[in-house]
Every structure is written in structure tokens, then in C-alpha cells.
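Visitor: Please see the structure below; I have some questions.
Bear in mind these aren't lab numbers, they're just calculated from the coordinates by the rules spelled out. Since the structure is predicted, the reported quantities are computational estimates derived from the model, not experimental observations. Glycine also receives a Cβ, built like all others from the backbone with ideal geometry; neighbour counts cover every protein chain displayed.
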Amino acid sequence: GRQDQVPMRKRQLPASFWEEPRSS
Amino acid sequence: AWQGRSIGTPKLRLVEFMAFMEQQGEPDAYNKHLYVHISQSNLSYNDALLESVDVRQIYDKFPEKKGGLKELYEKGPPNAFFLVKFWADLNTSIQDEPGVFYGVSSQYESPENMTITCSSKVCSFGKQVVEKVETEYARFENGRFLYRIHRSPMCEYLINFIHKLKQLPEKYMMNSVLENFTILQVVTNRDTQELLLCIAYVFEVSTSEHGAQHHIYRLVKD
């Protein structure tokens with residue numbers, strides 16, 4: 001596989017992208 | 001209320017999506033484990049509007065050549081593009097034994113009578129490894145047309161992937177593997193080839209005790 005991808009953590013994504021909701 | 005708050009356009013709306021495993025012969029909820037689940041049947045104006053993500057931030061997570069996410073987005077319509085971040089629930093108590101069924105069910109609704117084609121591409125490091133294409137016909141019910149893909153068998157690749165993922169001892173290791181695992185679903189009108197919905201899925205493992213979780217985003221290009 002490719003190893004040259006920028007990690008998701010280093011991309012411009014909303015803060016909520018890393019916050020698991022407490023319930024659906 | 002669902003407009004701007006859920007996956008859908010005025011032409012086609014996702015009502016429900018789930019990937020599950022189930023002990024065959026006992027199809028009650030107790031013996032069904034949901035890995036991921038979206039239910040959009042009870043939305044209200046109290047629900048928050050969707051946040052947006054720049055589609056260019058995830059181009060390389062999905063096929064980039066002909067028919068890839070970039071080409072699809074440029075063709076549009078842009079309001080049909082969504083990103084789902086899933087926190088998958090791998091915490092199943094169901095034993096993986098012969099007779100266990102792995103499936104995917106989804107349901108869409110539309111004011112229009114169409115024949116839809118649903119393509120699901122599983123990608124590893126942005127490259128397609130397997131694709132399933134399904135065709136669904138409309139069923140008129142309660143004043144709208146329903147499209148139901150019911151208990152579609154999960155492919156061997158995904159079942160094996162889940163097995164291997166579950167064998168990893170730590171959640172951060174699972175998330176590290178999932179960083180390079182994505183799924184792209186494209187729903188088109190079979191007869192006009194019009195794109196109706198494009199949903200990009202990315203994953204982490206849930207740490208919740210309340211099962212699978214998700215966030216939905218609109219994909220935009222500012």
C-alpha cells in the first residue's frame with residue numbers, strides 16, 4: 001500500500017471529526 | 001427538517017443504513033449486532049445543521065483516477081456529496097460461528113419514481129479493492145417512493161477485514177489500520193445516469209458503551 005498519505009490528524013477537518021458522540 | 005441536517009437532496013434521501021452480523025434463524029434484535037448505523041427517520045428543526053468538510057481534504061482517501069471522487073464532485077451536483085465519520089462498534093458478544101450472517105441494509109426515499117444504481121467501493125490506501133453494484137426499483141408507500149436494499153450479504157473481503165481488525169489487541173492499532181480504510185457509495189439514476197447521492201465513509205473504533213456512533217458532514221469546495 002501507499003505510505004505517503006498525510007495523516008488525517010494533520011488535515012483541515014472540523015474539531016467534531018475527532019469527538020465521538022456520546023450516543024446516537 | 002431533514003434538509004441541511006442529514007444525508008439527502010430534494011431528489012433522494014437516505015433513511016437508514018446499517019452493517020451488521022446476526023445469528024441466523026433468530027432474527028430478533030437481541031441477536032443482531034450493528035457495526036455501524038445511521039437512522040434519519042426522526043429529524044427535527046432542533047437537530048443541528050451539518051458542518052462541512054472541504055472535499056479536497058479527502059481526495060486521496062478515495063479513488064483518484066477516472067470516476068474518482070474529484071471527477072465525481074466536479075460533475076456534481078455538490079449538494080449530493082456527504083462525508084460520514086463512523087465510530088464502528090466492534091464490541092460484539094455474538095460468537096463468530098458457522099451460520100452467522102454478515103449483512104448491509106439501507107433504505108432511501110424519493111418523491112420520484114426511478115430505478116437507482118448503488119455502487120459501493122471499498123478502498124485501501126485510496127485504491128479500490130472491491131466494488132458491489134446493486135440496482136433497486138421503487139415501491140410506492142405513504143406518498144413517496146421507497147428504495148430498500150435489504151440484507152445484502154457483506155463481501156468476503158469485509159468479513160475478513162473485520163475478523164483481522166478484531167484480533168488487534170489495542171484500539172489505537174485498529175484506528176491505525178482504519179485510517180487507510182474507506183468506503184465510497186455512489187447512487188445514480190440508472191436511466192439518466194444522474195448522480196443522486198455520493199457518500200464517503202471513514203472510520204474509527206467506538207469507545208462508547210452505547211454502540212456505533214457517527215458524524216455527518218457536507219462535502220464542499222470553497
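Visitor: What distance in nm separates the two pseudo spin-label positions at B:SER208 and A:GLN12, each 7 Å out from Cα along the beta-carbon direction?
Guide: In this crude label model, B:SER208 to A:GLN12 measures out at 2.9 nm.
Visitor: Given points 7 Å out from each Cα along the Cα-Cβ axis, report the B:ASN113 to B:TYR172 separation in nanometres with one decimal.
Guide: The two pseudo-label positions are separated by 5.8 nm.
Visitor: Moving to a separate point now. What's the center-to-center distance, using Cα atoms, between region B:164-222 and region B:1-80 in Å?
Guide: After rounding, the separation between the Cα centres reads 8 Å.
Visitor: Continuing with the same structure: Tabulate in residue order the Karplus-calculated ³J(HN,Hα) for region B:197-202, using 6.51 cos²θ - 1.76 cosθ + 1.60 with θ = phi - 60°, rounded to whole Hz; enter x for Gly and Pro.
Guide: Calculated HN-Hα couplings, in order: 8, 9, 10, 9, 10, 10 Hz.
Visitor: Need one value for B:54-61: mean number of C-beta atoms belonging to other chains within 10 Å of its residues' C-beta atoms.
Guide: Rounded to a whole number, the mean comes out at 3.
Visitor: In the calculated pair distance distribution of region B:55-98, what percentage of Cα-Cα distances lie above 16 Å?
Guide: Roughly 54 percent, once rounded to a whole number.
Visitor: Then there's this: Where Lys and Arg each count +1 and Asp and Glu each count -1, what net charge lies around B:THR9 among other residues with Cβ under 15 Å from its Cβ?
Guide: Net local charge, B:THR9 excluded: +3.
Visitor: Report the full-extension gain for the segment B:GLU194 to B:ASN31: residue separation times 0.36 nm, less the Cα-Cα distance, to one decimal in nm.
Guide: 54.8 nm
Visitor: Something else: Near A:SER23, within a Cβ-to-Cβ distance under 15 Å, what is the net charge of the other residues, with Lys and Arg +1 and Asp and Glu -1?
Guide: -4
Visitor: Here is a follow-up. Work out, in µm²/s and without decimals, the Stokes-Einstein translational diffusion coefficient of the protein assembly as shown at 4 °C, 1.567 mPa s, Rh from Kirkwood over C-alpha pairs.
Guide: 69
Visitor: Here is a further query. Quick one: net charge around B:PHE82, please, counting Lys, Arg +1 and Asp, Glu -1 for every other residue with C-beta under 12 Å from its C-beta.
Guide: +3
Visitor: Any idea how far apart B:HIS150 and B:LEU90 come out in nm if each label point goes 7 Å out from Cα toward Cβ?
Guide: For B:HIS150 paired with B:LEU90, the spin-label model returns 3.2 nm.
Visitor: May I have the count of lysine pairs in region B:58-193 with C-alpha atoms under 18 Å apart, counting pairs 8 or more residues apart or located on different chains?
Guide: Value for region B:58-193: 16.
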